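A quick write-up on the structure given underneath.
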Amino acid sequence: MGPGSPNPFDFQKLMEMLQSPEVMRMLQSTGPVNIEIAKQTAQSTATLDLETGEQVPEPEIGPATINAFDDVVRAAQLAVAEATTISAALSVPSRCVDRRSWTASTLVGLEPVLGSLASALARGQAGSADVATPEPAQMFSPDAFFGMLMQQLVPMLLGVWSGSMIGYLAHHALGQYDLPLPLAGEPEILFVVRNVDAFAQEWSLPADELRYALALREVVHGAQRAVPWIRERLVRLASDYVGAYEVQPDAFQAQLGAFDPSDPSSMANLEAMSDPEVLLGAMRSERQGPLLEELQRFVAVIEGYTDVVVAELGARMVGSHTRIDEALRRHRLERGEAGAFVDRLLGLELDRDHYDAGVAFCRGVMERSDDSFDHLNRLWTSEAMVPTRPELEAPGLWLARIDLPQ
């Protein structure tokens, strides 16, 4: 994370962090250690100046800004509640926050999924129990070393990396639902004010119109997550996916190459661990394939519905809607290395094709129902309404199924 070259995978900085008294204290605590480390790392990274590498205070959010966001949220909630028929859209609370507060809220929502990840790692550690406490004479054997690596280093690295990525995303996030993160608990709409202001300036967008367009998108997402089965399904699918990770010591050995823990000169080989793909590649399992497909399909439908509703309502209310909507779409897809790691870790790696498939499904349903939201809104009446893969590709199949006698 040095000046002029921010790098969330800086191996030297990572090693310094792992040796700090605070991290050592967390390692000795009970519970899923990686979650606690993630919280500490995320909040520190969120307040980092990416140019200088120094910690900087968060700017204050004035009452005039808060009132401006409150006004556009109320207007957006009325429009979304009428279009989606989800009455809870009117009652989802909203807040203006700084980056540090965004990470705190986001990590609280992610705790169930990160807990499933910790459980998967614990199973991997249990499988290495025979080499977890080697005899002194065997302490520097490769098998003993990799057993200890699985037991101690991997959960710690996941905590540091996950927290670092959420902290870096706080520099990018405009709202709570920029990423389709599997957040547990009651929905809440958040606006990262300094990021919204910077985005408006970068794209030369009218601040008031951007706020309304962003509020529309956040309110639709908040309304969806106000339906209990929707957020529960999202959390469950993501938890199942990360819970299917399998720690594979042999994969780590292959990645690290000829490492001899008794030879200090070979310590440089550990720099392979600074690549998150090494970590994820050594954990992926075949069981995750169908889980990933189901998760991505569900998220594609959620995001496609949001895009269609925002397009319909935004075109009526926002003069610069087309330009703002394209800017927000590019923002969603161009999150950089931090966003890419979170996507891969949680199974949320959606590209433009996934988003386009969700939009095509929703538009296909509307075209077959006089361009109204009536049939499309039945998506949220029960979990049985989630389209299958063939139905996602052929909306007519979904309409035929939902109209069949139960």
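Residues are listed down the side, and each one gets a yes or a no for (1) within 22 Å of the chain's Cα centre (by Cα); (2) at pLDDT 90 or above; (3) within 30 Å of Met283 (Cβ to Cβ); (4) hydroxyl-bearing (Ser, Thr, Tyr):
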{"site": "Val310", "(1), (2), (3), (4)": "yes, yes, no, no"}
{"site": "Ala315", "(1), (2), (3), (4)": "no, no, no, no"}
{"site": "Thr322", "(1), (2), (3), (4)": "no, no, no, yes"}
{"site": "Ala338", "(1), (2), (3), (4)": "yes, no, yes, no"}
{"site": "Val342", "(1), (2), (3), (4)": "yes, no, yes, no"}
{"site": "Arg352", "(1), (2), (3), (4)": "yes, no, yes, no"}
{"site": "Cys362", "(1), (2), (3), (4)": "no, yes, no, no"}
{"site": "Glu367", "(1), (2), (3), (4)": "no, yes, no, no"}
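Yes or no, residue by residue, for (1) of a type in the set (S, T, N, Q); (2) assigned to a helix (DSSP H, G or I); (3) touching a Ser or Thr at 6+ places or on another chain (Cβ under 9 Å):
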site: Val365; (1), (2), (3): no, yes, no
site: Asp371; (1), (2), (3): no, no, no
site: Asp374; (1), (2), (3): no, no, yes
site: Asn377; (1), (2), (3): yes, yes, yes
site: Ala384; (1), (2), (3): no, yes, no
site: Pro387; (1), (2), (3): no, no, no
site: Pro390; (1), (2), (3): no, yes, no
site: Leu397; (1), (2), (3): no, yes, yes
site: Ala400; (1), (2), (3): no, yes, no
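For region 333-353, a residue qualifies if it is part of a helix (DSSP H, G or I) and surrounded by 19 or more Cβ atoms within 10 Å (Cβ to Cβ), and the qualifying residues are Ala338, Gly339, Phe341, Val342, Leu345, Leu346. Picking from residues in region 280-297 that are crowded, with 22+ Cβ neighbours inside 10 Å and touching a helix residue (DSSP H, G or I) at 6+ places or on another chain (Cβ under 6 Å), the one that is farthest from Ala83 (Cα to Cα) is Ala282.
Okay, residues lined up against (1) hydrophobic (A, V, I, L, M, F, W, C); (2) assigned to a helix (DSSP H, G or I); (3) more than 24 Å from Asp307 (Cα to Cα):
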| site | (1), (2), (3) |
| --- | --- |
| Asp70 | no, yes, no |
| Val80 | yes, yes, no |
| Ala83 | yes, yes, no |
| Arg95 | no, no, no |
| Val113 | yes, yes, yes |
| Ala118 | yes, yes, yes |
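On the given criteria, is Arg194 modelled with pLDDT of 95 or more and closer than 27 Å to Ala122 by Cβ? No; evaluated as a whole, the condition is false for this residue.
Each residue in region 53-68 was checked for being outside any helix (DSSP H, G or I), of a type outside the set (D, E, K, R) and surrounded by 13 or more Cβ atoms within 10 Å (Cβ to Cβ), and 2 of them qualify. Of all residues in region 97-111, those being of a type in the set (Val, Ile, Thr), part of a helix (DSSP H, G or I) and buried (at least 18 other Cβ atoms within 10 Å of the Cβ) number 2.
Whether any residue in region 227-244 is surrounded by 20 or more Cβ atoms within 10 Å (Cβ to Cβ) and over 30 Å from Ser382 (Cα atoms) is what I want to check. Checked against the condition, which is being surrounded by 20 or more Cβ atoms within 10 Å (Cβ to Cβ) and over 30 Å from Ser382 (Cα atoms), region 227-244 yields no hits at all. Count of region 212-231 residues, restricted to those that are part of a helix (DSSP H, G or I) and either of a type in the set (A, V, I, L, M, F, W, C) or without any contact (Cβ under 8 Å) to a residue 40 or more places away in the chain (or both), is 10. Among the residues here, Ser87 qualifies as modelled with pLDDT under 90, touching a helix residue (DSSP H, G or I) at 6+ places or on another chain (Cβ under 7 Å) and of a type outside the set (Phe, Trp, Tyr). Here Gln19 fulfils each of the conditions (1) under 24 Å from the mean Cα position of the chain (by Cα); (2) at pLDDT below 90; (3) not acidic (Asp, Glu) apart from (1). For Trp380, the conditions (1) within 22 Å of Ala311 (Cα to Cα); (2) surrounded by fewer than 17 Cβ atoms within 10 Å (Cβ to Cβ); (3) within 26 Å of the chain's Cα centre (by Cα) all hold with the exception of (2). All of (1) more than 13 Å from Val72 (Cα to Cα); (2) touching a strand residue (DSSP E or B) at 6+ places or on another chain (Cβ under 6 Å) hold for Arg231 with one exception: (2).
The values are calculated or read from the model by the stated rules, or taken from the named source; none is laboratory data. Please read all numbers here as calculations on a predicted model, not as lab measurements. Counting neighbours? That spans all protein chains shown, and the Cβs are built from the backbone with ideal geometry, glycine included.
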